[in-house]
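Structure record follows, encoded as structure tokens.
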Amino acid sequence: MNTINAAMLSSFAPTGTLRVGINLGNPILAGEDPVTHQLQGVTIDIAREIGKRTGLPVELIPFKTAGNTVDAIKAGNIDLVFVAIDPIRGADISYTPPYIQIEGAYMVKANSTLNSNEQVDVVGNEIVVGKGSAYDLFLTREIKNASLLRAASSQAVVDDFMSGKGNVAAGVKQQLESDAKRYTGLRMLPGRFMVINQAIGIPKARPQYESTTAYLSEIISQLKQSGFVAQAMQRHNIEGAKVAE
């Protein structure tokens, strides 16, 4: 399937403009140029490529967190999001296959007695995580003994942690490492506690969502195979992630 018909276009972008939710809470996916204040990143490149292939004008709508983008697509205010594949979100969102895989990691104080991911889920430990993030959703399901303390966003995790909340910080490995540069006395636990598959999501409430998902899935497959995604990651100096298989 290399074409999109009128019914799919109307379902996909009912306003005639493809409204794309951009999550600025994950620096691997998107960011803002400090000088021009223009949005930039892998997801912006993919969104524009989809606009080019569909013939639709693209409106990039920034959000501070992934949770905010999910709320917006549920409300019908946007047409497409770039979010982590998650079964809870999947009740309302139809996903393509992943285009990028991102590592989730833990960070602790330098003097912490914790030295491995396996030591985290213990009674008495408190994990600070961004509210509504993929890491929050995953840890909510998987953590059985430790407690979760939710920061307002992924960007606020390290600041909350350094203000005295919790004894473990959780999130995007790259985000934690970047935020940790503003402080001293922090270290990452080795390895990762999860791998997050980032994909395109569209609302299941739309009448043609299944055929539209199939169309977008083929585009994502082509962008991975052609090297488009890998080149975008290199162009935006992305580390801590890889092109999804």
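Coordinate-derived values only; no laboratory data. None of these values were measured; they are calculated from a predicted model. Virtual Cβ from ideal backbone geometry, glycine too; neighbours counted across all protein chains shown.
Just a few scattered comments:
- Alpha-carbon centroids, the stretch 219-236 and the stretch 11-68: separation in whole Å: 16
- A protection proxy built from the mean count of other Cβ atoms within 10 Å ranks the segments 44-50, 235-241, most packed first, as 44-50, 235-241.
- Subset of LYS173/LYS224; LYS74/LYS173; LYS131/LYS173; LYS74/LYS144; LYS131/LYS165; LYS64/LYS173 violating a 26 Å alpha-carbon distance limit: LYS74/LYS173; LYS74/LYS144
- Ratio of Rg to Rh for the stretch 170-245: 1.10 [Cα atoms; Kirkwood radius as inverse mean 1/r over pairs].
- Stokes-Einstein D (µm²/s) once Rh is taken as the Kirkwood radius of the stretch 72-142 over alpha-carbon pairs, at 25 °C in 0.890 mPa s: 166
- Start at zero, step by 10 Å, and the Cα-Cα distances of the chain spread as 7, 32, 33, 19, 7, 1, 0 percent across the bins.
- DSSP beta bridges in the stretch 39-182 [antiparallel fraction, %, rounded to 5]: 35
- Distances between placed amide hydrogens fall under 5 Å for MET194 paired with GLY104, all partners being 5 or more residues away or on another chain.
- Mean Cβ neighbour count within 10 Å, used as a protection proxy, ranking 109-117, 75-83, 203-211 highest first: 75-83, 203-211, 109-117
- Folded to 0 to 90 degrees: helix 42-54 orientation relative to the chain principal axis, Cα: 10
- Taking the longest Cα principal axis of the chain as reference, the axis of helix 209-225 is set at about 70 degrees.
- Debye intensity ratio I(q)/I(0), log10, the stretch 96-178, q values 0.11, 0.24 Å⁻¹ (C-alpha model): -0.27, -1.24
- Here is how the number arises for the chain: DSSP H runs of 4 or more residues each give -39500 (n - 2.57), the sum is divided by the residue count, and the result at 222 nm is -9000 deg cm²/dmol.
- For the stretch 107-245, the fraction of alpha-carbon pairs lying more than 22 Å apart is 49 percent, rounded to a whole number.
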